[in-house]
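The values are calculated or read from the model by the stated rules, or taken from the named source; none is laboratory data. Computed from a predicted model, the values in this text were never measured in an experiment. Neighbour counts are summed over all protein chains in view; Cβ atoms, including those assigned to glycine, are modelled from backbone coordinates with ideal geometry.
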Amino acid sequence: MPDHNAVAAFHELLRRIVSGSDSVAAAGRSPRIMALCGAGLSAASGLSTFRGSTAALWHTHDPMKLATPEAFAADPGLVWRFYAYRRHTALAVKPNAGHYALATLARSLPDGSFLCLTQNVDALSLRTGHPPESLRTLHGSLFDLRCVGSNRKGRFHCNYSIEDDFTEPLVPALAMAAEGVDETATTTEQGKPLLLPHIPVDELPQCPKCKSLLRPGVVWFGEALDKEMLRSIDQWVAVGKIDLMLVIGTSAEVYPAAGYIEKARRAGAVVVTLNLDAELQQGRRALGSRDFAFEGSAADLLPVLLEPLIGKLEKPKAET
Ligand code: OAD
Ligand code: ZN
């Protein structure tokens with residue numbers, strides 16, 4: 001049994017997978033690799049993770065409580081201000097070598113060989129030029145917008161939506177972060193608890209079709225993931241054996257995303273975990289005898305670990 005964190009043994013596995021010698025069934029077919037990415041992939045770019053030491057409050061608010069349909073219904077201005085801040089923060093940072101390594105992997109393998117599931121809504125993978133056909137944004141994107149308009153009887157639902165809208169600010173009332181306002185302060189300059197001014201609904205992003213409120217195109221707690229996207233992932237899984245499952249920078253606590261790890265394992269995959277807690281006892285116990293776990297930053301690990309498939313990662317010239 002190879003050491004669970006031996007790079008040479010992992011490289012050997014990759015070479016067997018691409019040469020088709022890893023299993024009899026693999027002979028003559030393309031390799032099949034899946035990845036599940038989480039906030040840890042973007043941590044080296046400077047974005048906070050959700051759980052653990054780098055998790056951040058926004059003003060005095062717990063981000064998990066703002067990411068709900070109930071919070072949006074109660075105060076859309078507050079929730080929009082939080083998302084304007086997150087859009088600004090994501091736009092202010094750059095994709096890192098981990099994102100580029102995955103995008104290069106997608107381009108290096110034959111079509112359909114790699115499916116990258118990301119829970120991240122920051123669009124950093126997209127900004128590397130990662131081929132969209134091999135990327136599934138499980139939890140949506142900060143840069144997608146969707147209309148919430150419907151009539152009282154619920155018979156009419158406006159279907160307006162827009163993808164990859166990087167406009168900043170979206171509306172003047174949401175310009176704070178872009179104008180350099182400290183969007184993390186918890187108290188006023190006088191030390192009093194900070195109360196954010198109310199933003200009226202008619203100053204928030206509006207649907208060009210029906211003039212209702214637009215909302216961020218992300219999945220909130222209590223909401224279902226996009227059915228068509230889930231179907232397309234299930235179809236990819238159902239094609240046959242999966243050789244490798246890369247679990248990158250995620251605590252794997254949120255479902256259904258985390259469920260793909262077991263689905264891949266059942267389809268024959270060796271599971272490879274890359275995160276800052278990979279050596280924790282709890283995680284180690286869950287390792288199968290063929291699995292790997294590498295502790296460190298995804299930005300450092302991915303280019304090294306994937307080298308047999310992607311070659312030496314060139315320094316990115318510019319974002320596409
Ligand atoms: P978490 O914050 O739960 O987990 C982040 C993981 O990244 C941890 O395992 C860290 O060890 C690891 N990590 C931190 N820095 C890293 C680095 N530089 N390189 C590699 N790993 C690193 O984030 P997620 O698993 O993404 O859902 O959270 C899953 C979902 O929970 C999110 O998509 C969001 C949240 O609620 C929704 O918004 C629906
Ligand atoms: Zn509308």
Handout entry: Evaluation of G129 against (1) of a type in the set (G, A, S); (2) surrounded by fewer than 23 Cβ atoms within 10 Å (Cβ to Cβ); (3) over 29 Å from V272 (Cβ atoms) (one fails), failing number
Key = (3)
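Tell me, which strands (runs of 3 or more DSSP E) wholly within region 87-186 include 1 or more residues that are touching a residue at least 60 places away in the same chain (Cβ under 8 Å) and either aromatic (F, W, Y) or at positive phi (or both)?
Filter on region 87-186 gives 114-118, 140-147.
Any idea which of A123, A67 is of a type in the set (G, A, S) and not assigned by TED's automatic domain parsing to the domain that holds I233?
Unique residue meeting the criteria: A67.
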Completion exercise
Within region 28-46, residues being at pLDDT 95 or above and closer than 30 Å to D234 by Cβ number 12
Completion exercise
Checked against (1) under 27 Å from R146 (Cα atoms); (2) touching a Lys or Arg at 6+ places or on another chain (Cβ under 7 Å); (3) at pLDDT 95 or above, A267 satisfies every condition except (1)
Completion exercise
Within region 186-242, the count of residues that are of a type in the set (A, V, I, L, M) and more than 16 Å from ligand 1 (Cβ to nearest atom) comes to 12
